[in-house]
Amino acid sequence: MPSPIRSERALVALVALVQFLNIVNFMMVAPLGPDLARGIGLPTSAIGTIAGSYTLAAAAGSLLAANWLDRLDRRSVLITALGGQAIGTLAAALSWDMPSLIAARLAGGLFAGPASSTALAVVMDAVPAHRRGRAMGTVMGAFAAASVLGVPAGLELARLAGWPTPFLALGGALLALAAVAAWALPPLRAHIRTDAGHRIIALIQRGEPPLAFAMIVVSVMAGFLLIPNLSTFYQLNLGYPREWLSLLYLVGGSVTFFTMHLAGRLTDRLGALTVAVTAGVAYQLVAFGGFVVSDPWLPVMGLFVAFMVCRSSLGVSMNTLVTHVPWPHERAAFMSLKTATQHLAGAAGAFLSAGLLSETDSGALVGVPTVAGLSMVLAASQPALMAMLVRRLKINEAATT
């Protein structure tokens with residue numbers, strides 16, 4: 001069917017842009033924590049609650065999408081999800097206190113989950129299996145791009161024009177992308193089936209998917225116990241200057257962009273489990289030396305870069321292994337459940353950190369070593385669960401050959 005999208009590369013680029021804006025929207029609140037504290041009187045220890053609200057709503061949206069994703073035109077779902085996410089993001093710029101900001105983030109997050117799941121499903125539908133790895137690598141690169149470009153840009157906008165400005169800019173970009181998708185994409189209905197709900201039940205009854213979801217939960221929770229609080233911890237606990245915060249994310253994202261590709265190649269060569277064990281050991285050292293001890297082993301820049309490299313390497317190994325779990329006819333449903341699981345785990349980690357942390361009169365966080373210790377325990381269980389999943393997948397492969 002005629003469409004302005006005439007090449008596979010253009011389609012992948014469009015989906016990557018959806019993921020880029022989605023991740024920036026998801027990441028932006030945490031580094032803006034001290035700015036929000038000054039702007040609307042938000043307690044610095046409550047940043048995890050704000051971040052968790054968004055991810056919790058995204059999980060709810062993803063669960064709804066899991067049941068309907070294979071029954072609707074993906075183009076219509078994507079346009080609607082981007083538009084709803086844009087409205088919620090623009091509403092955040094009008095927030096005047098913590099409840100109003102939470103309400104706006106809940107509204108935006110509810111549409112963010114379906115947007116991400118649908119975008120990934122579009123790639124899986126449109127790109128042949130023998131080229132899908134490269135396509136998914138491009139799409140996953142949106143995380144590094146968000147760290148390098150999106151978050152530093154948002155921080156600079158907030159510094160120059162006030163904390164609402166990043167939300168206004170991002171909401172406008174999402175509206176523009178929805179318009180581009182409406183103009184560029186043809187109807188995408190070839191996948192439509194009426195038995196999606198039954199497929200989801202069959203999917204979760206198999207042994208491998210629940211094990212994969214458990215692995216995702218411990219990995220994402222380990223990260224989100226600390227991620228929402230990094231900016232506040234660096235600025236108010238370790239004295240890192242606010243005007244250098246954009247540089248911190250720029251350098252960290254740039255290094256991560258290259259190490260993610262290296263982790264991917266090593267995963268292909270050595271196996272996901274080997275990479276996860278190596279990155280997991282490194283993460284234990286970084287978490288202990290950066291957050292548990294009273295005097296961090298590294299300067300803030302080195303600590304942040306090491307943290308991002310370890311977390312992204314663990315994520316690459318996990319996501320690579322997870323792609324072997326779903327059967328071809330259940331990929332869309334599996335991706336939606338995976339997205340929902342990630343968001344629920346992120347929300348749980350963020351809410352838990354907010355409950356465990358308190359603050360001093362100056363806004364510095366109290367209780368970071370406890371949160372970091374719990375993160376270390378969860379992170380240590382990821383390789384163990386991966387080993388169990390690898391074993392099950394090998395048994396299934398042997399049984400079918």
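What follows draws every value from the coordinates through simple rules; no lab data is involved. Just so it is clear, the structure is predicted and the values come from calculations on it, not from any experiment. Methodologically, a virtual Cβ is constructed for each residue, glycine included, from the backbone with ideal geometry; neighbour enumeration extends over all protein chains shown.
When the inverse distances between all different Cα atoms of the chain are averaged and flipped, the Kirkwood radius reads 21.3 angstrom.
R0 = 35 Å: FRET efficiency of Thr80 with Trp327, Cβ-based, nearest 0.05?
Values: r = 28 Å, r/R0 = 0.81.
Approximately 0.80, to the nearest 0.05.
Spin-label model, Ile87 to Ile40: label points 7 Å out along the Cα-to-beta-carbon direction sit 1.8 nm apart. Among Val293, Val122, Val305, the largest mean-square fluctuation in a Gaussian network model of the chain, built with springs joining Cα atoms closer than 10 Å, belongs to Val293.
In percent, rounded to a whole number, the relative contact order of segment 287-390 is 38, using alpha-carbon pairs under 8 Å and six or more apart.
Ranked by the mean number of other Cβ atoms within 10 Å of their residues, highest first, the peptides 168-174, 375-381 fall in the order 168-174, 375-381. In order along segment 340-345, phi translates into HN-Hα couplings of 4, 4, 4, 5, 4, 5 Hz, rounded to whole numbers, per the Karplus curve 6.51 cos²θ - 1.76 cosθ + 1.60 with θ = phi - 60° and x for Gly and Pro. Placing dummy labels 7 Å off each Cα toward the beta-carbon, the span from Arg391 to Thr274 is 2.0 nm.
Shown in residue order for segment 30-42 are the 3J(HN,Hα) couplings computed by the Karplus curve 6.51 cos²θ - 1.76 cosθ + 1.60 at θ = phi - 60°: 4, x, 7, x, x, 5, 5, 4, 6, x, 10, x, 6 Hz (x for Gly and Pro). Phi angles of segment 80-86 translate, via the Karplus equation with coefficients 6.51, -1.76, 1.60 and θ = phi - 60°, into HN-Hα couplings of 4, 5, 5, x, x, 5, 5 Hz per residue; Gly and Pro are given as x. Full extension of the chain between Thr370 and Ala384 yields a length gain of 2.8 nm, computed as 0.36 nm times the residue separation minus the alpha carbon distance.
Please state, as a whole number in µm²/s, the translational diffusion coefficient that the Stokes-Einstein equation yields for segment 200-357 at 37 °C and 0.692 mPa s, with Rh defined as the Kirkwood radius across alpha carbon pairs.
Working: Rh = 16.9 Å.
The estimated diffusion coefficient comes to 194 µm²/s.
Residues whose amide H lies under 5 Å from that of Glu359, counting only those 5 or more places away or on a different chain, are Val366; hydrogens are built 1.01 Å from N in the peptide plane.
Can you pull out the chymotrypsin sites (Phe, Trp or Tyr not before Pro) in segment 202-237 that DSSP calls coil and that have at most 10 other Cβ atoms within 10 Å?
Details: sites: Phe213, Phe224, Phe233, Tyr234; in loops: none.
Hits after loop and neighbour filter: nothing returned.
Taking label positions 7 Å along the Cα-Cβ direction at both Leu149 and Thr360, the computed distance is 4.0 nm, reported to one decimal. With the cut-off at under 20 Å, measuring from each backbone N in segment 269-284 to a point 7 Å along the Cα-to-Cβ line of Ala398 picks out 271-274.
Helical content alone sets the calculated 222 nm signal of the chain at -25000 deg cm²/dmol, taking -39,500 (n - 2.57) per DSSP H segment of four or more residues and averaging over every residue.
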